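The structure follows.
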Amino acid sequence: MWWLKNVKIVDPESGSIQVKDVLLEGERILEIRDSLTKEEVQNKSQTGIQVIDGTGKYLFPGLIDVHTHLREPGQEEKEEIATGARAALKGGFTTILAMPNTKPVLDQRALIEFVCNQGERAGGANVYPIGAITKGQKGQELTEMVDLAAGGAKAFSDDGKEVQNAELLRLAMEYVKLTGLPLISHCEDENLARGGAMHKGVVSAKLGLRGIPSSAETVMVARDILLAEETGSKLHLAHISAKESVNLIRAAKQRGVDVTAEVNPHHLIFTDEAIAESKYNPSYKVNPPLRSAQDRQALLEGILDGTLDMLATDHAPHTWEEKMKPFAEVPFGIAGLETALAAIWTYLVQPGKLPVETLLRVWSLNPARRFKLPGGLVQSGQIADLVLFDPEQKEKIEPGWFISKAQNTPFLGQELQGFASMVWVSGQLRFQKAGEEKAWQELQ
């Protein structure tokens, strides 16, 4: 049994923050009280009791990242399921959803089950696969979604590519209803985006780089929302980056369309100006690209008013050699599992731009509900997927700091604040910050 004393618990629905004592027994939260005595705790357990003084720290529900790229099978030099699952713990995530654009693509049940099994062996965060919408992600033939769901898939996506054929996507939306799971759209018109390296605007013109217009995203957002409205399918829109997309999603929700949407931390923190200011730092090359300050403000407003439902890292690890090419040639992507929470805390929560209850709603509660995953709240009886979070902890992000194989992050060399001290998955302690090996004591 774990006895967590004096921890701050946030209710993401009411916004209340209360200091409580929490007992963990087995896989679940046994009890939450204003305070507990030694005798009361001893009477509730016949096993050893580990005591932690959490004064000044939060007890978060485990964060859930619905958008990660773990690269296995096929590109293990970039990341493995094991390294990604352990890196997720360090970042405060107890559950991650793995995208299917591996080599081979996750378009068969055996591959879905492989990812599930590898995730269980890793002993890190829970790992659930996302199945492909089309075979080989070629946009030509639908996968056997019902069979993939039976194998453990939690959603379907051709992420990295958009299904360009509208009729095929409409059929996919009809078919996915048999599983009850969401379909995740990449939202990119290939003809509008082709060859672009950053957001199309004044900055791209100054830098001499071919741009990706906002319309490459918004055209597909509009199309996919209309198809979801027509079919009654569950639609989730990945990595929204443009202000026009936010307006389209807001209007769709007002009409009652069953659509949710996510935004990545880097789109809330940076703009395309970062590429110029950093002199073409390849870590800022992402897809969709970092857009304008107006887009960034619209995304933040969308998170605050509920138009955008989730934060998601879009963890996209690459080798150092790949990211050292000229800016126009490097692959898109930021490795974000370990730095995302601290970055959001440093840039948005600490300055008062994002309330902590909103953070937990969009990174734990909403993902759990939309994707039918355990967790999302710190309540008696709930699964004990929990994060002891230290809002004052500061760490400098350096090359030797990472558990992930990848270091392609714009936060390299920066000091961030707000990190996970300890992380439990189903009541098992699976991560503790370096230097906190004796963070608890045995109750005598």
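Could you list TYR58, TYR347 in order of exposure, starting from the residue whose Cβ has the fewest other Cβ atoms within 10 Å?
Numbers: TYR58 21, TYR347 18.
Ranked by crowding around the Cβ, least crowded first: TYR347, TYR58.
Next question, about the same structure. Net charge around SER204, counting only other residues with Cβ within less than 13 Å of its Cβ (Lys, Arg = +1; Asp, Glu = -1)? Don't skip to the answer; put the middle values down first.
Details: positive: LYS200, LYS206, ARG210, LYS285, ARG291; negative: ASP272, GLU273.
Computed value for this residue: +3.
Amide H neighbours of GLU27 under 5 Å, at least 5 residues apart or on other chains, H built in the peptide plane: list them.
Hits under the 5 Å cutoff: none.
Give me a comma-separated list of calculated 3J(HN,Hα) values for segment 417-427, in order, Karplus coefficients 6.51, -1.76, 1.60 applied at θ = phi - 60°, integers in Hz, x for any Gly or Pro.
Once rounded to whole Hz, the list reads 10, x, 9, 6, 8, 8, 9, 10, 10, 6, x.
Counting DSSP beta bridges in segment 98-245, what percent are antiparallel, to the nearest 5?
Numbers: 1 of 10 bridges.
Approximately 10 percent, going by the DSSP bridge assignments.
May I ask you to compute the full-extension gain from GLU167 to GLU120, defined as 0.36 nm times their residue separation minus their alpha-carbon distance, rounded to one decimal in nm?
Gain on extension, GLU167 to GLU120, equals 13.2 nm.
Report, in debye and to the nearest 20, how large the dipole of segment 62-370 comes out about its Cα centre when Lys and Arg carry +1 and Asp and Glu carry -1 on their Cβ. Could you put the intermediate results ahead of the total?
Numbers: 33 positive and 40 negative charges, 95 e Å.
The calculation lands at about 460 debye.
Here's a follow-up. Need the full-extension length gain, LYS177 to ALA110, defined as separation in residues times 0.36 nm minus the C-alpha distance. One decimal, nm. List each step's numbers first, then the result.
Numbers: separation 67, 0.36 × 67 = 24.12 nm, distance 2.19 nm.
My answer for the length gained is 21.9 nm.
What list of ³J(HN,Hα) couplings, whole Hz, do you get for segment 341-348 from phi and the Karplus terms 6.51, -1.76, 1.60, once you set θ to phi - 60° and write x for glycine and proline?
Values, residue by residue: 5, 5, 5, 5, 4, 5, 8, 10 Hz.
Of all the C-alpha pairs in segment 256-316, what % are more than 15 Å from each other?
Details: 945 of 1830 pairs.
When all Cα pairs of segment 256-316 are counted, 52 percent exceed 15 Å.
Please list, in chain and number order, the residues 5+ apart from SER185 or on another chain whose amide H is under 5 Å from its amide H, with Hs placed from the backbone.
HIS236, LEU237, ALA238
On to the next question. List the GluC sites (Glu not before Pro) within segment 315-423 that fall in a DSSP loop (any state other than H, G, I, E or B) and whose Cβ has at most 12 other Cβ atoms within 10 Å.
Values: sites: GLU321, GLU322, GLU329, GLU338, GLU357, GLU392, GLU395, GLU415; in loops: GLU321, GLU329, GLU338.
Sites meeting the loop and neighbour criteria: GLU321, GLU329.
Whose amide H sits under 5 Å from the amide H of SER421, counting only residues 5 or more places off or on another chain, with H placed in the peptide plane?
It is LEU388, PHE389, ASP390, by chain and number.
Give the percent of DSSP beta bridges with both residues in the chain that are antiparallel, rounded to the nearest 5. Display every interim value, and only then the final one.
Numbers: 32 of 60 bridges.
Antiparallel: roughly 55 percent of the beta bridges in the chain.
Still on this model: What are the ³J(HN,Hα) values, in whole Hz, obtained from phi via the Karplus relation 6.51 cos²θ - 1.76 cosθ + 1.60 with θ = phi - 60°, for each residue of segment 8-22 in sequence order, with x given for Gly and Pro?
8, 10, 9, 8, x, 8, 8, x, 6, 10, 10, 8, 9, 9, 10
By count of other Cβ within 10 Å, fewest leading, how are CYS116, CYS187 ordered?
Details: CYS116 19, CYS187 26.
The fewest-first ordering by Cβ neighbours comes to CYS116, CYS187.
Could you please rank TRP363, TRP401, placing first whichever residue has the fewest other Cβ atoms within 10 Å of its Cβ?
On the way: TRP363 29, TRP401 15.
Ranked by crowding around the Cβ, least crowded first: TRP401, TRP363.
Every read-out reported here was derived from the displayed coordinates using simple, explicitly stated rules and does not represent laboratory data. Remember, it's a predicted structure, so these values are computed and weren't measured experimentally. In this analysis, Cβ positions are derived from the backbone assuming ideal geometry, glycine residues included, and neighbour counts consider all displayed protein chains.
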